[in-house]
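The values are calculated or read from the model by the stated rules, or taken from the named source; none is laboratory data. Values in this document were obtained by computation on a predicted structure and should not be read as measured data. Cβ coordinates were reconstructed from backbone atoms using ideal geometry, including for glycine residues, and neighbour counts include every protein chain displayed. The protein model used for the area step is the full one, side chains on, heavy atoms only, and it has no ligands, DNA or RNA in it. Shrake-Rupley method; radii C 1.70, N 1.55, O 1.52, S 1.80 Å.
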Amino acid sequence: MTENKGGSCWQIKFAPQEEYDENLTNFIDDYFTTSSLDYHDDGKEELTAYADINFNEQDFITAAQNQGVTLPKYEKTLLESQNWLKDYVIKFPPVEVADFLIYGIHEKQTPKTDKIPLQIYAATAFGSEHPTTRGCLEALCWLNNQNIKHQKILDMGTGSGILSLGAAKLFGASAKITAVDIDEEAVIVTLQNAATNHEEENIHAAVSDGYKSDFVQNNAPYDIILSNILARPLIEMAPDLYKALNQGGYAILSGFVSDQKNWVISAHEQQGLKLIKLYQIDDWCAAVMEK
């Protein structure tokens with residue numbers, strides 16, 4: 001479809017689900033200029049897409065049918081704006097998280113701060129104010145204060161790359177950071193954010209389905225693994241995480257609510273990791289575990 005990021009836009013918000021069908025999310029990524037996947041406090045996913053003012057709903061429905069995609073219920077809302085991408089997708093106020101100040105590319109100057117500034121392109125893969133991101137950044141700052149080994153770091157499911165950026169700023173040039181995501185758009189955003197923050201030499205990103213790719217395997221074992229995804233994939237990938245983590249290394253795990261924490265932690269304890277620290281913000285958790 002034609003890309004038009006000026007003027008008003010349509011927001012298409014799909015009914016929250018435990019997990020969206022992969023065919024649906026792939027179709028939405030391809031069809032719309034911009035889309036995002038967010039998470040409710042109950043752990044459900046919420047898919048939102050943005051389309052320019054010329055959006056034709058019947059064409060959208062027909063395209064889905066032609067590709068065999070079943071559309072969940074959705075709400076369509078007109079967002080009136082002179083620049084919808086700036087006003088509704090990218091723009092967010094500067095936010096302090098742990099040792100960091102996170103601000104958007106719409107800011108013309110770096111806000112005054114005594115914290116570490118991180119400038120983020122937020123259009124398609126960002127959640128700096130989400131409790132899981134906050135918990136991971138707090139845990140990362142805590143690890144930094146422990147003076148642990150940090151030469152090789154893996155960011156599994158990197159999203160916007162914000163955890164990779166935080167690690168790069170905390171640990172400096174001595175840290176080699178491998179960032180991966182199953183979504184190519186997330187990798188693109190991560191590389192953009194790395195360049196914006198002058199960390200392109202320290203952060204290397206690529207598409208990977210979990211730990212299976214040569215990109216992930218060739219850089220293992222890791223001193224720190226960051227994985228802010230969801231409970232189910234965390235549990236499924238626990239054996240792969242253990243294999244990829246150095247003895248004495250640390251993992252920061254998040255993306256699960258308090259009702260799921262015992263499952264996630266137990267799955268990693270069964271592999272041989274031990275819980276060191278647990279953060280809980282609202283109903284979301286972040287666990288620090290050591291091998």
Arrange the residues GLU138, GLU290, GLU236 by how much accessible surface each exposes, largest first, with a 1.4 angstrom probe.
GLU236, GLU138, GLU290
Residue separation times 0.36 nm, minus the C-alpha to C-alpha distance between ASP59 and GLU80: what's the value?
5.3 nm
With the dipole of the chain worked out from charges on the C-beta (+1 for Lys and Arg, -1 for Asp and Glu) around the Cα centre, which of THR77, LEU165, VAL189 lies farthest toward the positive end?
LEU165
Percent relative contact order of the chain, based on C-alpha pairs within less than 8 angstrom and at least six residues apart?
14
Rank these residues by their accessible area, most exposed first, probe 1.4 Å: MET289, MET237.
MET237, MET289
Computed for the chain: size of charge dipole around the Cα centre, +1 on C-beta of each Lys and Arg, -1 on C-beta of each Asp and Glu, debye to nearest 20, value 980
With every protein chain in place, what's the accessible area of SER164 (1.4 Å probe, Å², nearest 10)?
0
Dividing the helical contributions, -39500 (n - 2.57) per DSSP H run of n ≥ 4, by the residues of the chain yields a 222 nm value, nearest 500 deg cm²/dmol, of -8500 deg cm²/dmol
Tell me the accessible surface of PHE215 in square angstrom (1.4 angstrom probe, heavy atoms of protein chains only), to the nearest ten.
60
Most packed first (mean Cβ within 10 Å per residue), the peptides 180-187, 140-147 order as 180-187, 140-147
Take the cross-link list LYS44/LYS291; LYS261/LYS291; LYS13/LYS112 and give me the ones stretching past 26 Å between alpha-carbons.
LYS44/LYS291; LYS13/LYS112
Between helix 57-66 and the chain, what is the angle of the helix's C-alpha long axis to the longest principal axis, kept within 0 to 90° and rounded to the nearest 10?
60
When the accessible area of the range 178-267 is computed with all protein chains present and a 1.4 Å probe, what percentage of it is carbon and sulfur?
48
Sequence neighbours fewer than 8 away in the same chain don't count; with that in mind, list the aspartates and glutamates whose C-alpha is under 13 Å from LYS176.
ASP155, GLU199, GLU200, GLU201, ASP223
